[in-house]
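Have a look at the structure below before the remarks.
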Amino acid sequence: MGIEIKPENTIFTSTQMDIQDLYKCVHCGLCLSSCPTYTVLGKETDSPRGRIAYMKAIYEEKTYLTPRIVSHLDSCLQCRACESVCPSGVPFGRLMEHTKSYIVNKKKYSFFRSVVNKFLYKVVFPKQFILSLLSIGIKVYKALKLNKIRILMPGFMIPLDKMISDTPKEVFRADGSIFYSNPIVKKRSVALLSGCVMPIVQSDTMRATVRVLNKNGCDVFVPESQKCCGALNIHGGDLEGAKSLAKANIDAFIDLDIEAIIVVSGGCGAIMKEYFDLFKNDEEYLEKAIRFSNKVKDISEFLIQISIIKPENNLDYTVTYQDSCHLSNVQKITSPPRQLLEQIEGITIVEMEDNKCCGAAGVYSLFHKEMSSVLASSKMDSVESTRANVVISGNPGCMIQINGEASKRKSPIKVMHLVDILDEAYSYAN
Amino acid sequence: MVNSSLIKELKKIVGDDYVMHHPDELLVFQYDGSTDKALPDVVVFPKSSEDISSIVKIANRYDQYIIPRGAGTGLSGGAVPMYGGIELVLTRMNSILSIDVENRLALVEPGVVNLDLSKYVASMGLFYAPDPSSQISCTIGGNIAENSGGPHCLKYGVTTNHVLACEIVTENGDIIWLGDKFRNVPGYDLLGGFVGSEGMMGIATKIIVNLLPIPQSVKTHLASFATIDQASFAVSSVISSGLIPSAIEMMDKLTIEAVENVVKCGYPDTAGAVLLIELDGSNEEVSEQSKQIMDICNSLECQDISVAASIEERNALWRGRKGALGALGSLAPNYFLVDGVVPRTKLPETLKTISKISEKIDLPIANVFHAGDGNLHPCILFDEQEPGMAEKVLGAGGEILQACVDVGGTLTGEHGVGFEKKEFMYKIFSNSDLDQMLRLKSSFAPNGRLNPGKVFPGGPKCFDMGNYNTFRS
Ligand SMILES: Cc1cc2nc3c(=O)[nH]c(=O)nc-3n(C[C@H](O)[C@H](O)[C@H](O)COP(=O)(O)OP(=O)(O)OC[C@H]3O[C@@H](n4cnc5c(N)ncnc54)[C@H](O)[C@@H]3O)c2cc1C
Ligand code: SF4
Ligand code: SF4
């Protein structure tokens, strides 16, 4: 076959991948058409089955991480759509996380990519102050009114500009505050994950979350020592970085006397429900992680569980709901958000035909512009064909992506978080 | 080995992005859904019939084999390039070109995914009937090449009953049409011969299929029985009562366990076998027939019989059935799926023989199959890493097929012969039968350039213009 075996081609030992997981795949191909990259390219090389075959071939030392193989593995969105249709129960997400980590360990990313990775995973996400700098940057950008010159901008700047223009003035700080609910309703206590990007870019949504929870009788505590959830580190192959973030969060929340840890980002919730995967060899944290994960609740599942007070306002919107990949494919939450929307009078829900990944996928869009924008565009086509005037989502990444695509098309469609619309349905009565 | 000028010429036709030839990349084109494996020398992704015609002509000049490939879900090694050559992947040709609602016809490209067609025409009140369990991924082109069936073929027939015409590219690069959108065509029915030819007679590039109106009402029953014998008897009783359910599927205990492990769709864990019986038609018809089904099953002491109350429940029942093979994959690293057909009345007897074979080779064999047509799918679970396993499993597969043939059945219900089962062809065909089949194939593809080494026993070349009577002697 002519492939030279290189000494660096050691097995995935460095990442502790469970090799049994690889062999669960019986190459039946049933996952192919659920995979966004396969659907766009029509190539086995960029399909779940193909990626698993590459992992197996590397493990069996039939090849090594060649640049071509790296590029096919790296084009995976980690959306885990394949995992949810796989009849063999192949834990694709986990396999891919280990594989990415293997790519990083073997230094197979380009120099530029490695530097950006390090900067993002070691500096930006874990350190809230960098994010604060970012928020100052945004303020300066706005003060200079750079957004007034959108006509002069190159196309790729428009989504970014849109995101900046939509950023609220005030950030939402995880400063240990407790927001008390209306004392008339039966009391519950919950803690809230503030996250890393949301408190800046979507701080209004964070405030809305607090109001909606308060309205429904929940006191909301926002621990100060919490950190970024680590999802982006895990997806980028920085398992060690993710572990230390996970530990910090476990420590911040584990001893609180609360009913649930509320998360309003599908991606964060998904990873927090899987923290125990990181601590297979750390008994102390494994036990804590399991307890922690059991408390993590997406806002929609929690609100359905406690059954909410019916919103008073009539909202005359036609909405379509965007299933965030990690909410639907990993957390398996698809009906609670829809059930919540149904409780708002006046709202008409129209389903999109195609519910594939929108191409946001964390930092994916930074490194795979082309694929990301093809997916964004096809998502927007599905959105537009519903004739909805509002898109609802439970994940900030999807919201930014769809918003960006909408502004590229000059579409008047509004993108809202599920809690934003609930808040609107409650607020006038308050 | 391929030379660089071949690559250059191919790239000229489809563009650089759509030719792959580096050995590392090619690793993922060496398999399909079966256990066979072999690497192609180059992989090409054409976009049109014209592309394919040019590629075929180039292959002729360079003396290369051409192996068509759809989604690669085949279960008999059909798309595996056993002798290398150019793998022609048709996934980019995936447009639904036109729908004629009045005449209920669709003109599609071969790479269209089976289920996508049904989804696309659903809003017009139509569906495409052949529904292989792999329908979420497999392509219409692959379906034609394998003459695929599916659970609902009991009532609706297999692929060949739903294809009206096909544009094909022949071995010398000509583009021709077989059949016509009118159901009766003067002259020979060449389309009938082409469907099921496993990529050896030509490459399907456009296809006209027949669509059916979505039935007014559908009822899916889940009946559980203590033993597989009782369930088999129920199948015979239902069919002999004159009812034609749209599907009758059986799953044995091992399969039920596997499915519930992974898919969780509510099959009872106390059952020795379950049947999925689906009825469709007008409201009155279906509720009347449903009563009859209930009566028959109850009179045969079924443990329980229920009807799916909602679309979700129905989908869950089918998700279990359609995911059964994959779910079995969760029990062992590999499975070998045998695809034999027996007369319905011989089901219990054949299943007993299978369970004896399972004991003998000391490997579990699960049974999940289209019971209504007697199309068995015994699934041998094994681990290919263990030495000597491959021969053991192949041997057992052979014994099972022999058992099917012995009771008056046949070799394949729907998965094709491919590479995997070609040596078994002698079991049901005489030399003269095979000769005749070969002459038909050779009249389309005399040089054996298209998908060599499949269907006919022997190597890639020995049967080119061959004569089985001489070949075997
Ligand atoms: C889990 C599972 C369940 C299955 N269930 C069923 C079932 O219920 N019923 C059933 O019948 N099959 C079933 N199959 C088998 C398989 O899905 C079918 O044979 C299917 O038709 C193959 O389609 P494909 O696109 O994957 O073709 P491939 O596997 O890519 O190719 C199959 C054959 O078709 C040829 N071919 C492909 N496209 C063309 C073309 N355009 N022109 C000429 N030749 C072509 C190839 O050369 C090859 O010989 C199942 C498979 C799996 C993995
Ligand atoms: S990942 Fe699952 S669905 Fe995909 S080929 Fe492997 S077993 Fe089949
Ligand atoms: S995670 Fe998403 S992009 Fe990656 S292989 Fe699975 S379906 Fe494809």
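Okay, here's what the table says:
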{"read-out": "Subset tally (residues that are assigned to a loop (DSSP other than H, G, I, E, B) and more than 18 Å from A:C325 (Cα to Cα)) for segment A:39-81", "value": "9"}
{"read-out": "Some residue of segment A:351-364 being crowded, with 16+ Cβ neighbours inside 10 Å, basic (K, R), in contact with a Pro (Cβ under 8 Å, 6 or more places away or on another chain) and within 30 Å of A:F112 (Cβ to Cβ)", "value": "yes"}
{"read-out": "Single unsatisfied condition, A:N395 versus (1) surrounded by fewer than 24 Cβ atoms within 10 Å (Cβ to Cβ); (2) touching a Gly at 6+ places or on another chain (Cβ under 8 Å)", "value": "(1)"}
{"read-out": "In segment B:139-152, the residues that are near ligand 1 (Cβ under 7 Å from one of its atoms) and open to solvent by 10 Å² or more (accessible area, probe 1.4 Å)", "value": "B:G141, B:G142, B:A145, B:E146, B:S148"}
{"read-out": "Hey, A:E61 over 20 Å from A:D277 (Cα atoms) and of a type outside the set (V, I, T) or not", "value": "yes"}
{"read-out": "Some residue of segment A:38-47 being touching an Asp or Glu at 6+ places or on another chain (Cβ under 7 Å) and either buried (at least 23 other Cβ atoms within 10 Å of the Cβ) or within 14 Å of chain B (Cβ to nearest Cβ) (or both)", "value": "yes"}
{"read-out": "Within segment A:27-37, tally of residues that are open to solvent by less than 10 Å² (accessible area, probe 1.4 Å) and facing chain B (nearest Cβ under 7 Å)", "value": "2"}
{"read-out": "Hey, B:K155 assigned to a helix (DSSP H, G or I) and within 14 Å of chain A (Cβ to nearest Cβ) or not", "value": "no"}
{"read-out": "B:Y128 farther than 28 Å from B:L6 by Cα, away from chain A (no Cβ under 13 Å) and touching a Leu at 6+ places or on another chain (Cβ under 6 Å)", "value": "yes"}
{"read-out": "Residue match in segment B:106-124 (condition: on the phi > 0 side of the Ramachandran plot and at pLDDT 95 or above)", "value": "no"}
{"read-out": "Close pairs (6 angstrom Cβ cut-off, 6 or more residues apart or separate chains): more than 19 Å from B:S133 (Cβ to Cβ) in segment A:70-95, open to solvent by less than 20 Å² (accessible area, probe 1.4 Å) and among the acidic types (D, E) anywhere", "value": "A:H72/A:D46; A:S75/A:D46; A:P91/A:D21; A:L95/A:D21"}
{"read-out": "Selected residue [in contact with a strand residue (DSSP E or B) (Cβ under 6 Å, 6 or more places away or on another chain), at pLDDT below 95 and not assigned by TED's automatic domain parsing to the domain that holds B:I52] from B:K155, B:K181", "value": "B:K181"}
{"read-out": "Residue in segment B:318-337 that is open to solvent by less than 40 Å² (accessible area, probe 1.4 Å) and more than 14 Å from chain A (Cβ to nearest Cβ) present", "value": "no"}
{"read-out": "Qualifying residue in segment A:67-88 (condition: out of contact with any helix residue (DSSP H, G or I) (no Cβ under 6 Å at 6 or more places or on another chain), more than 15 Å from ligand 2 (Cβ to nearest atom) and at positive phi)", "value": "no"}
{"read-out": "Number of the condition not met by A:S101 [criteria: (1) at pLDDT 90 or above; (2) open to solvent by less than 30 Å² (accessible area, probe 1.4 Å)]", "value": "(1)"}
{"read-out": "Filter pass, B:L300 being at negative phi and over 22 Å from the mean Cα position of the chain (by Cα)", "value": "yes"}
{"read-out": "Enumeration of residues in segment A:42-52 that are in contact with a Ser or Thr (Cβ under 9 Å, 6 or more places away or on another chain) and either in contact (Cβ under 8 Å) with a residue 40 or more places away in the chain or near ligand 2 (Cβ under 10 Å from one of its atoms) (or both)", "value": "A:S47, A:P48, A:R51"}
{"read-out": "Enumeration of residues in segment A:185-199 that are touching a residue at least 60 places away in the same chain (Cβ under 8 Å) and either more than 24 Å from A:I250 (Cβ to Cβ) or open to solvent by 30 Å² or more (accessible area, probe 1.4 Å) (or both)", "value": "A:V185, A:R188, A:S189, A:V197"}
{"read-out": "Residue within segment B:287-310 that is within 14 Å of chain A (Cβ to nearest Cβ), of a type in the set (V, I, T), buried (at least 19 other Cβ atoms within 10 Å of the Cβ) and farther than 20 Å from B:G413 by Cβ present", "value": "no"}
{"read-out": "Checking B:P130 against (1) assigned by TED's automatic domain parsing to the domain that holds B:L39; (2) under 13 Å from the mean Cα position of the chain (by Cα); (3) not acidic (D, E), the condition it does not meet", "value": "(1)"}
{"read-out": "Complete set of residues in segment B:166-205 that are crowded, with 20+ Cβ neighbours inside 10 Å and in a strand (DSSP E or B)", "value": "B:C166, B:E167, B:I168, B:V169, B:L178, B:G179, B:I203, B:A204, B:T205"}
{"read-out": "Entirely in segment A:323-430, the helices (runs of 4 or more DSSP H) that have 2 or more residues that are free of Cβ contacts under 8 Å to residues at least 24 places away in the same chain and closer than 26 Å to A:R207 by Cα", "value": "A:335-342"}
{"read-out": "Filtered residues of segment A:20-54 (kept if aliphatic (A, V, I, L, M) and more than 11 Å from ligand 3 (Cβ to nearest atom))", "value": "A:L22, A:V26, A:L30, A:A53"}
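So that you can scan it fast, the table gives a plain yes or no per residue for (1) more than 11 Å from chain A (Cβ to nearest Cβ); (2) at pLDDT 95 or above:
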residue: B:L10; (1), (2): yes, yes
residue: B:I13; (1), (2): yes, yes
residue: B:V28; (1), (2): no, yes
residue: B:S34; (1), (2): no, no
residue: B:V43; (1), (2): no, yes
residue: B:S49; (1), (2): yes, yes
residue: B:I52; (1), (2): yes, yes
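The values are calculated or read from the model by the stated rules, or taken from the named source; none is laboratory data. Computed from a predicted model, the values in this text were never measured in an experiment. Methodologically, a virtual Cβ is constructed for each residue, glycine included, from the backbone with ideal geometry; neighbour enumeration extends over all protein chains shown. These area figures cover heavy atoms from the full protein model, side chains too; ligands, DNA and RNA do not enter into them. Shrake-Rupley method; radii C 1.70, N 1.55, O 1.52, S 1.80 Å.
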